[in-house]
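Enquirer: Just dropping this structure here.
Bear in mind that the values in this text are calculations on the coordinates, not laboratory data. Note that the structure is a prediction, hence the values are computed from the model and not measured. All Cβ positions, even for glycine, are placed from backbone atoms using ideal geometry, and neighbour counts span all protein chains on display.
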Amino acid sequence: MSPKSPAKVRKVVFPVAGLGTRFLPATKVIPKEMLTVVDKPVIQYAVEEAIEAGIEHFVFVTGRGKNAIEDHFDLAFELEATLKARGKTAEIEILRTTRPLYGAASFVRQQEPLGLGHAVWCAREIVGNEPFALALPDMLIHGQPGCLAQMIETYNTHGGNIVAVEEVPHEHVNRYGVVALGKTFDKRTHSITAMVEKPKIEDAPSDLIISGRYILQPEIFAKLELQKPGAGGEIQLTDSMIELLADQAFIAYQFDGKTYDCGDKIGYLAANVAYALDRPDIGPKFRPVLDALIRG
Ligand code: G1P
């Protein structure tokens, strides 16, 4: 590695403490991140995206009632022993590829739902003094390669902080963090000059929203530690990124891919349909069923 190469991104943080009230009653007992898109929990897509990007350690910021996530990424000893006794090798392989290596996953609890910024801050001891990736699993991103892999490549060229962005209809900008762009490096890569969390539609500096994937420098933690509540009375990550923008470069990366906001019922249903149609083992059988449903 040349002396100029930025420090390697080895860890990813997944904030998974949210209550999932928009999906009640499904999420009364089951964490919303364990709801399935086709046959895989939403959180697993994000973990696989991180693995594809070369990430080595997975940090889950969980909360009460989220034990199923920890169990999902553990070895299910009795299940695997039973499958082995029955000669179910394909199923064993599915489970094997689900598990991080021994010691490669950490779980920390966000004890109070104080906001995304607070959830990220709860990971500070595990992340330590190194750059890290952050992925909000609700935002399911279908891309080849995945969004995080694209971002790591951009980070290897530019260093600093990278924020995945995408354009949304103007009337939706108030639901997200929004960026303002400065210098263009290439058609997908621009410097960020300003950010705002959940602006009024008329105040948004652009239609480019923060899409739930970030590469951040560890100096963000000192900003988060002092962060006052912002939009919605919550400690907002975007507000601490705005402060860090005074000291460090932030790049907006317009990834190649399609986002499904699985925090929303329509986005979640769309993800199920799109991922099912895309699956070689399911798509060809599902398409005529879907066509017939639509035709009524
Ligand atoms: C969070 C971020 C926001 C981002 C969004 C993407 O908001 O604060 O900047 O645009 O995720 O989903 P939340 O969805 O937690 O309200």
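Enquirer: To the nearest 500 deg cm²/dmol, what mean residue ellipticity at 222 nm is calculated for the chain from DSSP H runs of n ≥ 4 alone, each contributing -39,500 (n - 2.57), summed and divided by the residues? Intermediate values should be presented prior to the final figure.
Expert: Working: 11 runs with 100 residues, N = 296.
Computed ellipticity for the chain at 222 nm equals -9500 deg cm²/dmol.
Enquirer: Given a 10 angstrom Cα cut-off, can you work out which residue in Lys228, Lys66, Lys285 is the most mobile in a GNM of the chain?
Expert: Fluctuation is largest for Lys285.
Enquirer: Stokes-Einstein at 10 °C, 1.306 mPa s, Kirkwood radius from Cα pairs: D for the chain in µm² s⁻¹? Before the final figure, lay out each step's value.
Expert: Working: Rh = 20.2 Å.
Taking Rh from Cα pairs, D becomes 79 µm²/s.
Enquirer: Here is a further query. Quick one: which residues, 5 or more positions from Lys198 or on another chain, have an amide H under 5 Å from its amide H? H modelled 1.01 Å from N in the peptide plane, none for Pro or chain starts.
Expert: Sorted by chain and number, the residues that satisfy this are Tyr176, Gly177, Val178.
Enquirer: Only counting other Cβ atoms within 10 Å, I'd like Thr21, Thr157 sorted with the fewest neighbours first. The partial results should precede the final answer.
Expert: Details: Thr21 9, Thr157 13.
Fewest-to-most ranking of Thr21, Thr157: Thr21, Thr157.
Enquirer: A follow-up question, please. Once you have the Kirkwood Rh of segment 56-140 from its Cα pairs, apply Stokes-Einstein at 4 °C and 1.567 mPa s and quote D in µm²/s. Could you put the intermediate results ahead of the total?
Expert: Working: Rh = 14.9 Å.
Stokes-Einstein gives a translational diffusion coefficient of 87 µm²/s.
Enquirer: Note down the relative contact order for the chain as a percent, whole number, built from C-alpha pairs under 8 angstrom at least six residues apart.
Expert: Working: 523 pairs, mean separation 64.3, N = 296.
It rounds to 22 percent for the chain.
Enquirer: Given R₀ = 25 Å, what would the calculated FRET efficiency be for Val273 paired with Ile94, taking r from the Cβ atoms and rounding to 0.05?
Expert: Values: r = 22 Å, r/R0 = 0.89.
E between Val273 and Ile94, to the nearest 0.05, is 0.65.
Enquirer: Along segment 89-102, what does the Karplus equation 6.51 cos²θ - 1.76 cosθ + 1.60 (θ = phi - 60°) give for ³J(HN,Hα), rounded to whole Hz, x for Gly and Pro?
Expert: 5, 4, 5, 4, 5, 4, 5, 4, 6, 7, 8, x, 4, 4
Enquirer: Using a ≥ b ≥ c from the Cα gyration tensor of segment 1-146 (square roots of the eigenvalues), is it rounded, prolate or oblate, where a/c under 1.5 gives rounded and otherwise the larger of a/b and b/c decides, a/b for prolate?
Expert: Numbers: a/c = 1.77, a/b = 1.18, b/c = 1.50.
Oblate shape, in that a/c is at least 1.5 and b/c is the bigger or equal ratio.
Enquirer: Lysines near Lys265 by alpha-carbon distance under 22 Å, same-chain residues fewer than 8 away left out - which ones?
Expert: Candidates past the 8-residue exclusion: Lys28, Lys32, Lys40, Lys66, Lys198.
Enquirer: Can you tell me the relative contact order of segment 44-203? Whole percent, Cα pairs under 8 Å, sequence separation 6 or more.
Expert: In percent, rounded to a whole number, it is 23.
Enquirer: Please report the antiparallel percentage of DSSP beta bridges with both residues in the chain, rounded to the nearest 5. Let's see the in-between values first.
Expert: Working: 26 of 44 bridges.
If I count the DSSP bridges inside the chain, around 60 percent turn out antiparallel.
Enquirer: In addition: May I ask for the net charge around Arg10, where only other residues with Cβ less than 14 Å from the Cβ of Arg10 are counted and Lys, Arg are +1 while Asp, Glu are -1?
Expert: Value of the local net charge: 0.
Enquirer: Only residues of segment 184-227 count here: report those whose backbone N is under 17 Å from the spot 7 Å along Cα→Cβ of Glu171, or say none.
Expert: 200-204, 207
Enquirer: Something else now. Pull up all non-local amide H partners of Gln236: gap of 5 or more, or a different chain, and H-to-H distance under 5 Å with H placed in the peptide plane.
Expert: Gly117, Gly230
Enquirer: Another question, then. Classify segment 210-253 as rounded, prolate or oblate, taking a ≥ b ≥ c as the square roots of the eigenvalues of its Cα gyration tensor: rounded when a/c is under 1.5, otherwise prolate if a/b is larger than b/c and oblate if not. Let's see the in-between values first.
Expert: Working: a/c = 1.98, a/b = 1.28, b/c = 1.55.
It is oblate, given that a/c is not under 1.5 and a/b is not larger than b/c.
Enquirer: Tell me, what is the percent relative contact order of segment 1-73, built from C-alpha pairs under 8 Å that lie six or more residues apart? Walk me through the numbers on the way to the answer.
Expert: On the way: 68 pairs, mean separation 32.8, N = 73.
It comes to 45 percent, rounded to a whole number.
Enquirer: Among the aspartates and glutamates, which fall within straight-line cross-link reach of Lys223, defined as a Cα-Cα distance under 17 Å, with same-chain neighbours fewer than 8 residues apart omitted?
Expert: Partners within reach: Glu125, Glu130, Glu197, Glu234, Asp239, Glu243, Asp247.
Enquirer: While we're here: Over segment 238-279, what lengths in whole Å, largest first, do the semi-axes of the equivalent ellipsoid take, defined as the square roots of 5 times the eigenvalues of the alpha-carbon gyration tensor?
Expert: Working: eigenvalues 221, 37, 5 Å².
The three semi-axes for segment 238-279 are 33, 14, 5 Å.
Enquirer: Which three extents, in angstrom, do the Cα atoms of segment 112-173 have along their principal axes, listed largest first?
Expert: Dimensions of segment 112-173 along the principal axes of its Cα atoms: 35, 32, 19 Å.
Enquirer: Something else now. Can you tell which of Thr98, Thr259, Thr89 shows the greatest fluctuation in a Gaussian network model of the chain with Cα springs below 10 Å?
Expert: Comparing Thr98, Thr259, Thr89 in a Gaussian network model of the chain, the most mobile one is Thr89.
Enquirer: For the chain, modelled as a GNM with alpha-carbon contacts under 10 angstrom, which of Lys88, Lys11, Lys40 fluctuates the most?
Expert: Its mean-square fluctuation being the largest, the pick is Lys88.
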